[in-house]
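Please read the structure below before turning to the comments.
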Amino acid sequence: MHASRRPFVGGNWKMNTDLASGAELADALMAALVAAGSEGVIDAAVYPPFPYLFTVGRTLGHSPILLGGQDCAAEASGAFTGQVSADMLCDIGCRSVIIGHSERRHGLQEGDEFLHQKLAIALESGLQAVLCVGETLAQRDDGLAEAVVAKQLRGCFGTLTAETADRVVVAYEPVWAIGTGRTATPQDAQAMHASIRGVLADLYDSRFAAQTRIIYGGSVNAKNARAIFAEPDVDGGLIGGASLKAEDFASICRAAAEAWSAAGGH
Ligand code: 13P
């Protein structure tokens, strides 16, 4: 953590919960964040499945927890069967959206040019975007991790101006650490986050790089969060499995708040 960047912790529910349990999770999460003393101290967000967004949003009410979509279409509107536009997300109360999660990059072959369109349209709609990047295990083993991530960043930011792109949170999610129980070491995460900040400085400038939040995702849990968040270029986390348990997610938010406070933030 760094004092100048407010921590961001997102809960990506993926294709989990049902209508009732999603609302219950949101309810439990609000209570757990208050109990952990981290409500409103950091930016916390949840990304439920599309059909439950409206209900979860209603449950969250005036809570400072941000509501977000797990994806949005690359087009504004029209004949795109089955897709959900950024404006639709805004319309039902979302303020954030995940773009380029590896389960879409690799599972659904979404490429950087396509993700750039999604990012541009999400930002144009007024959403904050969490842009995911990350290498596969084979790419890491071949020593290509930093180059792969740099290419993803350049392709996805593309021609966006700094004024538009300042609502982007970058999520470094090494594909080999997602849902595997195998986390990057805090040192691995720090090294990649510093490299990402270098690419952002090159794409924009050092001020832009210094103010952009870069969060880590991949098997983060209530036990390992503290050590990862202690690294100076790690500004929070994108949490999958552990975000489905209110207590665990609240502990992770608390770890972020404490790491920030230890770094001199408030
Ligand atoms: P896990 O925390 O389950 O590894 O998932 C990480 C992730 O993909 C968050 O977007």
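The values are calculated or read from the model by the stated rules, or taken from the named source; none is laboratory data. Bear in mind the structure is a predicted one, so any value in this text is a computation, not a measurement. Here the Cβ positions follow ideal geometry from the backbone for every residue, glycine too, while neighbour counts run over all protein chains shown. All accessible areas refer to the heavy atoms of the entire protein, side chains included, with ligands and DNA or RNA removed. Shrake-Rupley method; radii C 1.70, N 1.55, O 1.52, S 1.80 Å.
With r as the distance between the Cβ atoms of Ala79 and Thr185 and R0 = 45 Å, compute the FRET efficiency 1/(1 + (r/R0)^6) and round to 0.05.
0.45
Can you pull the semi-axes for the range 16-72, root of five times each eigenvalue of the Cα gyration tensor, sorted largest first, whole Å?
Listed largest to smallest, the semi-axes of the range 16-72 are 19, 13, 9 Å.
Starting from the coordinates of the alpha-carbon atoms of the range 164-230, obtain the Kirkwood hydrodynamic radius over all distinct pairs and give the value in Å to one decimal.
Averaging 1/r across every pair of different Cα atoms and inverting gives 12.6 Å.
How far apart, in nm, are two points set 7 Å out from the Cα along the Cα-to-Cβ line at Arg58 and at Asp141?
5.0
Measure of size requested: the Rg and Dmax of the range 1-147, with Cα atoms as the atom set and Å as the unit; please supply both.
Calculated on Cα positions, Rg and Dmax stand at 16.4, 48 Å.
Binning at 5 angstrom from zero up to the longest distance, how are the C-alpha pair distances of the range 106-206 distributed in percent?
P(r) over the range 106-206, rounded to whole percents: 2, 12, 23, 25, 19, 13, 6, 1.
Quick check: at a probe of 1.4 Å, how many percent of the accessible area of the chain sits on carbon and sulfur atoms?
Summing carbon and sulfur atoms, their accessible area is 53 percent of the total for the chain.
With each label point set 7 Å from Cα along the Cα-Cβ vector, what nm distance links Ala194 and His266?
2.9
Binning at 10 angstrom from zero up to the longest distance, how are the C-alpha pair distances of the range 42-108 distributed in percent?
Calculated P(r), rounded to whole percents: 21, 50, 26, 3.
How large is the accessible surface per residue of the chain, computed with a 1.4 Å probe and reported in Å² as a whole number?
For the chain, the per-residue accessible area is 42 Å².
How big is the dipole moment of the range 6-162 about its Cα centre under a simple scheme where the beta carbon of each Lys and Arg is +1, that of each Asp and Glu is -1, and everything else is neutral? Debye, nearest 20, please.
With only Lys, Arg, Asp and Glu charged at Cβ, the dipole is about 160 debye.
Principal axis extents for the range 126-165, Cα atoms only, whole Å, descending order, please.
38, 17, 9
To the nearest whole percent, what portion of all C-alpha pairs in the chain is separated by more than 36 angstrom?
6
Rounded to the nearest 10 Å², what accessible area does Glu103 show when all protein chains are kept and the probe is 1.4 Å?
Roll a 1.4 Å probe over it and Glu103 shows about 90 Å².
What does the helix-only formula give at 222 nm for the chain: each DSSP H stretch with n ≥ 4 adding -39500 (n - 2.57), the total divided by the residues, and the result rounded to the nearest 500 deg cm²/dmol?
The per-residue figure over the chain is -12500 deg cm²/dmol.
Given R₀ = 25 Å, what would the calculated FRET efficiency be for Ile92 paired with Gln117, taking r from the Cβ atoms and rounding to 0.05?
E(calc), rounded to 0.05, equals 0.70.
Strictly over 29 Å apart at the Cα level, which of Lys151/Lys245; Lys14/Lys118; Lys14/Lys223 would you flag in this model?
Lys151/Lys245
Over the chain, what relative contact order in percent results from Cα pairs under 8 Å that are six or more residues apart?
26
Does a label point 7 Å from the Cα of Asp205, set along Cα-to-beta-carbon, have any residues of the range 1-34 with amide nitrogen under 20 Å, and which are they?
The answer is 4-5.
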